[in-house]
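Read the figures in this text as sums done on the coordinates, not as results from a lab. These numbers were taken from a predicted model, which means no experiment stands behind them.
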């Protein structure tokens with residue numbers, strides 16, 4: 001399997017620091033008048049529900065948000081994408097991974113250039129030099145970053161420290177079902193990346209993934225239901241978004257976070273649907289969530305900001321553990337999710353000419369089947 005060895009140097013940045021000095025974290029002021037009494041239909045992946053409650057409250061307290069109200073639908077990312085594709089009302093979507101937005105593009109619900117909405121609606125400077133730098137630094141359409149972490153029982157009784165610890169006898173892992181959950185896909189890619197980083201061998205990485213899956217005892221439908229199941233007593237290790245894990249700790253749950261030395265950057269896309277592009281309230285809200293004010297709210301709730309000034313601000317940076325070996329989906333394949341989704345999660349398993357043991361398509365699907373999931 002071809003692997004791109006480029007290192008991820010800068011954690012996703014949507015705007016250059018020249019554009020967003022910290023003084024702009026003050027109230028959002030992109031508009032001096034209310035956006036009229038619009039209703040904005042927000043659809044998102046399961047674990048971002050609490051974040052949007054805070055974002056919507058913050059936005060409603062701005063001039064641009066005056067008179068705007070919201071409806072919300074949160075669930076497993078793949079399920080939510082399918083629902084919107086089938087007609088569920090949505091003006092603004094924040095899904096777990098890019099392929100779920102591709103589902104909406106293919107259904108005619110989101111414009112094919114959705115990733116450029118951040119440029120189109122964002123507040124860009126008139127300086128050509130600064131504008132060019134921002135466009136280079138942009139992570140198009142990505143609202144938040146996170147990383148895959150381990151959530152363990154308080155005191156870490158099994159002394160879980162690394163990915164290899166997850167393959168030991170007695171470890172019982174909870175992670176969502178990759179057939180419905182974007183969180184699950186990120187989790188299992190991170191396991192593969194850990195194996196690949198150890199050996200730079202696809203066969204070793206697939207074998208390591210198999211060993212991890214052998215210890216998976218529960219696969220709920222979404223990241224939020226996986227967390228609820230773990231908190232209720234299922235298993236002794238949960239694979240989760242760092243942001244979700246932070247929320248559990250902040251809520252006083254008897255758990256703690258272990259950040260492994262190898263992980264993947266979880267990049268969660270957001271877009272206006274076609275209806276949202278014609279909804280002034282939705283457009284204003286889109287601008288808000290990508291602004292320093294919106295990104296500061298997300299950072300306080302445990303999401304790694306896509307704005308450099310927020311991500312690097314010591315006030316926020318101190319809350320995030322540095323991951324020495326941090327990869328993106330583009331390190332797995334230079335074409336990103338366009339290739340990776342089928343390579344790992346296609347329901348149709350296929351093998352190459354060189355091996356009938358290690359598939360080249362549907363890798364996760366195959367090892368899920370082999371381990372009884």
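In a GNM of the chain with a 10 Å cut-off on Cα contacts, which of 235, 352, 223 has the highest mean-square fluctuation?
It is 352.
When the chain is treated as a GNM, springs tying every alpha-carbon pair under 10 Å, which of 195, 108, 302 comes out with the largest mean-square fluctuation?
108
Under the rule a/c < 1.5 gives rounded, and otherwise a/b versus b/c splits prolate from oblate, where does region 53-120 land using the Cα gyration tensor?
In terms of gyration-tensor shape, prolate.
How would region 272-333 be classified by its alpha-carbon gyration tensor: rounded, prolate or oblate, with rounded meaning a/c under 1.5 and the a/b versus b/c comparison settling the rest?
oblate
Classify region 206-287: rounded, prolate or oblate, from the alpha-carbon gyration tensor (a ≥ b ≥ c, eigenvalue square roots; a/c under 1.5 rounded; otherwise prolate if a/b is larger than b/c)?
It comes out prolate by the Cα gyration axes.
Determine the calculated [θ] at 222 nm for the chain from helices alone, applying -39500 (n - 2.57) to every DSSP H run no shorter than 4 residues and normalising by the residue count; nearest 500 deg cm²/dmol.
Result for the chain, helices only: -11000 deg cm²/dmol.
Who wins for biggest fluctuation among 335, 354, 161 in a Gaussian network model of the chain, springs between alpha carbons below 10 Å?
354
Express as a percent, rounded to the nearest 5, the fraction of DSSP beta bridges in region 134-245 (both residues included) that run antiparallel.
Working: 5 of 9 bridges.
Percent antiparallel among DSSP bridges in region 134-245 is about 55.
Under the √(5λ) rule applied to the eigenvalues of the Cα gyration tensor, what semi-axes describe the equivalent ellipsoid of the chain? Give them in Å, descending.
Ellipsoid half-lengths, sorted descending, are 34, 22, 21 Å.
Where both residues lie in the chain, what percent of DSSP beta bridges are antiparallel, nearest 5?
Taking every DSSP beta bridge with both residues in the chain, the antiparallel ones total about 55 percent.
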